[in-house]
Amino acid sequence: MFIDSAKIYIKSGNGGNGVISFRREKYVAYGGPDGGDGGKGGDVIFITDPNISTLMDFKYKRKYVAESGENGSGNNKYGKDGDDLIIKVPAGTQIIRDDTNELIADLAKSGQKAIVLRGGRGGRGNAKFASATLKTPRFAESGEEGKELYVRLELKLLADVGLVGFPNAGKSTLLASCTNARPKIANYPFTTLYPNLGVVYHKGKSFVMADIPGLIEGAHKGEGLGYDFLKHIERTKLILHIVDVSDPMSDPIDDFKKINDEMYLYSDRLKEIPQIAVLNKIDAVDPSSINLDDLIAKMKNLGYDVFKISAMTGDGIDGLLDKTIEMLDKFKVDVEENTEDVIIYNMPKEDETVEIEIKDGVYYLSGTKIDRLLKRVNLQDENSLRYFEMILKKSGVIDMLKEKGFKDGDAINVRDFVFEYYE
């Protein structure tokens with residue numbers, strides 16, 4: 001089975017906690033603080049692996065969490081950093097934020113990697129808070145929580161040549177005759193439910209060919225197999241547009257234009273990819289119903305190179321492959337949207353809020369900014385409370401309170417913990 005999309009949950013590691021510790025040495029009655037910092041949490045990193053060709057693994061495992069950092073310890077020992085989580089994906093994978101549809105990374109080549117989530121910072125141990133005025137800090141910081149996201153993985157095939165056309169145009173048969181690929185072939189629409197890849201070897205040269213499942217009118221809106229497969233065409237360097245000329249009830253020129261319209265409505269980028277018009281099934285043509293010479297002339301007037309072949313008998317295929325290799329050498333379309341070896345994604349910072357409510361002379365503080373500050377302190381400890389008050393002042397919260405009429409000695413309530421604040 002070919003799996004080309006998946007939705008997964010990822011989370012970076014939490015930072016380890018800083019520790020409260022004091023030196024305990026013989027003949028030293030009052031040792032100073034020596035609590036070490038917590039380790040950093042592991043990052044979440046995606047890397048392309050040439051040995052992987054689908055997103056099959058993500059069908060069975062959908063939750064990925066990096067290792068958390070270890071807590072610090074006494075004697076100024078730092079906690080060990082958490083191991084990074086390496087997630088291997090095939091080349092051609094796009095990583096997309098599920099909540100905003102933002103493209104995080106486009107991993108178009110082998111060995112490329114994307115650092116998507118950074119691990120949480122480790123909390124500082126009490127040794128970091130010692131100063132001339134605070135010689136024995138009895139508090140430490142908690143580690144920062146890791147970040148989390150739901151992401152969608154979308155795989156776009158990396159092929160040199162893409163075969164497009166209506167269902168039953170003969171794309172799978174052509175792929176099978178040119179390569180060792182063995183696609184499922186039958187005479188009914190949508191026989192090919194997944195893209196098939198094959199390597200063509202021709203006169204000392206080789207290239208990758210992809211059979212893109214049959215398109216229909218409305219494909220750009222998702223009808224039929226729709227944009228599930230239109231996306232695979234975007235990375236190709238050359239399109240072989242297969243047209244069935246054996247059906248007396250169809251108009252090959254009209255079929256050709258309809259498929260192109262669907263591709264161009266899906267993406268302007270597809271207009272830049274050169275095409276060869278391939279008239280297939282000439283072995284089954286009824287000369288009384290169609291004039292191939294007239295049809296070829298009309299196709300050429302539209303600006304396309306035209307080849308007539310029979311994918312079933314092999315007639316005309318050599319000439320088509322000669323032209324294909326010639327055009328691949330001529331057209332150097334850069335299909336790698338991002339060629340950096342390492343892509344670093346920085347999550348947009350969420351707006352932090354501070355909410356102030358006054359009841360009976362008490363100033364109630366809440367909001368995301370206050371919650372973040374609270375995670376790193378212990379308000380039950382006097383020294384930790386002093387540190388929290390200092391953070392409130394440095395971060396501008398005290399000034400916000402003063403704008404509301406706050407003055408020295410007034411009471412502040414933070415998540416039901418009440419204290420009086422003095423400058």
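The values are calculated or read from the model by the stated rules, or taken from the named source; none is laboratory data. A quick note: this is a predicted structure, and the numbers were derived from the prediction, not measured. Cβ placement follows ideal geometry from the backbone for every residue including glycine, while neighbour counts extend to all protein chains displayed. The accessibility values were calculated without ligands, DNA or RNA, using every heavy atom of the protein model including side chains. Shrake-Rupley method; radii C 1.70, N 1.55, O 1.52, S 1.80 Å.
Do we have Asp99 as under 21 Å from the mean Cα position of the chain (by Cα) and more than 30 Å from Thr236 (Cβ to Cβ) here?
So Asp99 passes the test.
Can you name every residue in segment 37-61 that is assigned to a loop (DSSP other than H, G, I, E, B) and at pLDDT 95 or above?
Asp37, Gly38, Gly39, Lys40, Gly41, Gly42, Asp43 - these are the residues of segment 37-61 that are assigned to a loop (DSSP other than H, G, I, E, B) and at pLDDT 95 or above.
Residue-wise test of (1) out of contact with any Asp or Glu (no Cβ under 8 Å at 6 or more places or on another chain); (2) hydrophobic (A, V, I, L, M, F, W, C).
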residue: Pro33; (1), (2): yes, no
residue: Phe46; (1), (2): yes, yes
residue: Arg62; (1), (2): yes, no
residue: Ala66; (1), (2): no, yes
residue: Asn75; (1), (2): no, no
residue: Gly82; (1), (2): no, no
residue: Val89; (1), (2): no, yes
residue: Thr93; (1), (2): no, no
residue: Ile96; (1), (2): no, yes
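When segment 260-299 is examined, which residues are found to be farther than 24 Å from Ile212 by Cα, charged (D, E, K, R) and open to solvent by 80 Å² or more (accessible area, probe 1.4 Å)?
Scanning segment 260-299 gives Asp293, Asp294, Lys298.
Restrict the check to segment 131-147 and report whether at least one residue is under 39 Å from the mean Cα position of the chain (by Cα) and assigned to a strand (DSSP E or B).
No: segment 131-147 contains no residue that is under 39 Å from the mean Cα position of the chain (by Cα) and assigned to a strand (DSSP E or B).
Anything in segment 387-406 that is closer than 22 Å to Phe129 by Cα and acidic (Asp, Glu)? List them, or say none.
Of everything in segment 387-406, just one residue is closer than 22 Å to Phe129 by Cα and acidic (Asp, Glu), namely Glu389.
Sort out for me the strands (runs of 3 or more DSSP E) sitting completely within segment 358-423 that have 1 or more residues that are without any contact (Cβ under 8 Å) to a residue 40 or more places away in the chain, over 29 Å from Gly146 (Cβ atoms) and open to solvent by 20 Å² or more (accessible area, probe 1.4 Å).
Because the criterion is at least 1 residues that are without any contact (Cβ under 8 Å) to a residue 40 or more places away in the chain, over 29 Å from Gly146 (Cβ atoms) and open to solvent by 20 Å² or more (accessible area, probe 1.4 Å), the strands (runs of 3 or more DSSP E) in segment 358-423 that meet it are 417-420.
Which count do you get for residues in segment 6-54 that are more than 30 Å from Ile104 (Cα to Cα), among the charged types (D, E, K, R) and crowded, with 24+ Cβ neighbours inside 10 Å?
1
Regarding Asp261, is this residue at pLDDT 90 or above and of a type outside the set (Lys, Arg)?
no
Would segment 64-71 turn up any residue that is of a type in the set (A, V, I, L, M, F, W, C) and surrounded by 16 or more Cβ atoms within 10 Å (Cβ to Cβ)?
yes
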